[in-house]
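*Asks:* Sharing a structure here in structure tokens format.
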Amino acid sequence: MDEGIITGSCHCGAVRFEVSRPDFAVSCNCSICRRLAALWVYAPPLEIRLFAPEGTTRAYSWGVGEIAFHSCSTCGVCTHYIGLAGDRVAVNLRLADRPEVVEQLRVRHFDGANSWAFLD
Ligand SMILES: [Zn+2]
């Protein structure tokens, strides 16, 4: 298996992704990310291949609606978010097929609740 690629899926397997192994993953403390307990990796800079056929996810936006958080319609797992300006996609590394690979990644804590800056 290619150690440079991280693959993942929701619990039922309807939504899948592939992403290059990142230098770090991002844990955000904003009101939704902390509830989702998500661990994000972004494109750009990385390239993410997302397999989420039409109808497999439900989107949730809040506040000013700049981002849509997608969860699997079947199993409910939050798989990814999409910037509605088309500028950003992120996938949830908690869904990795091999969690031991993700556990080795550096985690950067992003203060999405207040300063919108990394805390390290
Ligand atoms: Zn699912």
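*Asks:* For segment 5-110, what % of the accessible area comes from carbon and sulfur atoms, probe 1.4 Å?
*Replies:* 49
*Asks:* OK, next. How would segment 5-110 be classified by its alpha-carbon gyration tensor: rounded, prolate or oblate, with rounded meaning a/c under 1.5 and the a/b versus b/c comparison settling the rest?
*Replies:* Numbers: a/c = 1.43, a/b = 1.13, b/c = 1.26.
Taking the square roots of the gyration eigenvalues as a ≥ b ≥ c, segment 5-110 is rounded.
*Asks:* For segment 1-77, which chymotrypsin sites (Phe, Trp or Tyr not before Pro) pass both filters: DSSP loop (anything but H, G, I, E, B) and at most 14 other C-beta atoms within 10 Å?
*Replies:* Taking segment 1-77 and a limit of 14 other Cβ atoms within 10 Å, the loop chymotrypsin sites (Phe, Trp or Tyr not before Pro) found are 62.
*Asks:* Taking Cα centroids, how far is segment 18-53 from segment 89-120 in Å?
*Replies:* Taking the Cα centre of each part, segment 18-53 and segment 89-120 sit 7 Å apart.
*Asks:* Using helices alone, what [θ] at 222 nm do you get for the chain, with -39,500 (n - 2.57) per DSSP H run of 4 or more residues, divided over all residues and rounded to the nearest 500?
*Replies:* Estimated from H runs of four or more residues: -1500 deg cm²/dmol.
*Asks:* Something else now. Which GluC sites (Glu not before Pro) does segment 10-115 hold that lie in a coil by DSSP with at most 11 other beta carbons within 10 Å? Could the numbers behind the result be given before it?
*Replies:* Values: sites: 18, 47, 54, 66, 100, 103; in loops: 47, 54, 66.
Here the sparse-neighbourhood loop sites are 47, 54.
*Asks:* Among 82, 46, 72, which residue has its Cα furthest toward the positive end of the charge dipole of the chain, with +1 on Lys/Arg Cβ and -1 on Asp/Glu Cβ?
*Replies:* Positive-most Cα among the choices belongs to 72.
*Asks:* Right, next: Might you tell me the accessible area per residue for the chain, computed with a 1.4 Å probe and given in Å²?
*Replies:* So the chain comes to 59 Å² accessible per residue, rounded to a whole number.
*Asks:* Still on this structure: If you add up the charges near residue 40, with Lys and Arg at +1 and Asp and Glu at -1, over every other residue whose beta carbon is less than 11 angstrom from its beta carbon, what do you get?
*Replies:* Working: positive: 88, 94, 108; negative: none.
The answer is +3.
*Asks:* Order 106, 98 by their accessible area, 1.4 angstrom probe, all chains in place, largest first.
*Replies:* From most exposed to least exposed: 106, 98.
The values are calculated or read from the model by the stated rules, or taken from the named source; none is laboratory data. The structure presented is a predicted model; accordingly, all values stated were derived computationally and were not measured. All Cβ positions, even for glycine, are placed from backbone atoms using ideal geometry, and neighbour counts span all protein chains on display. Ligands, DNA and RNA are excluded from the accessible area calculation, which covers all protein heavy atoms including side chains. Shrake-Rupley method; radii C 1.70, N 1.55, O 1.52, S 1.80 Å.
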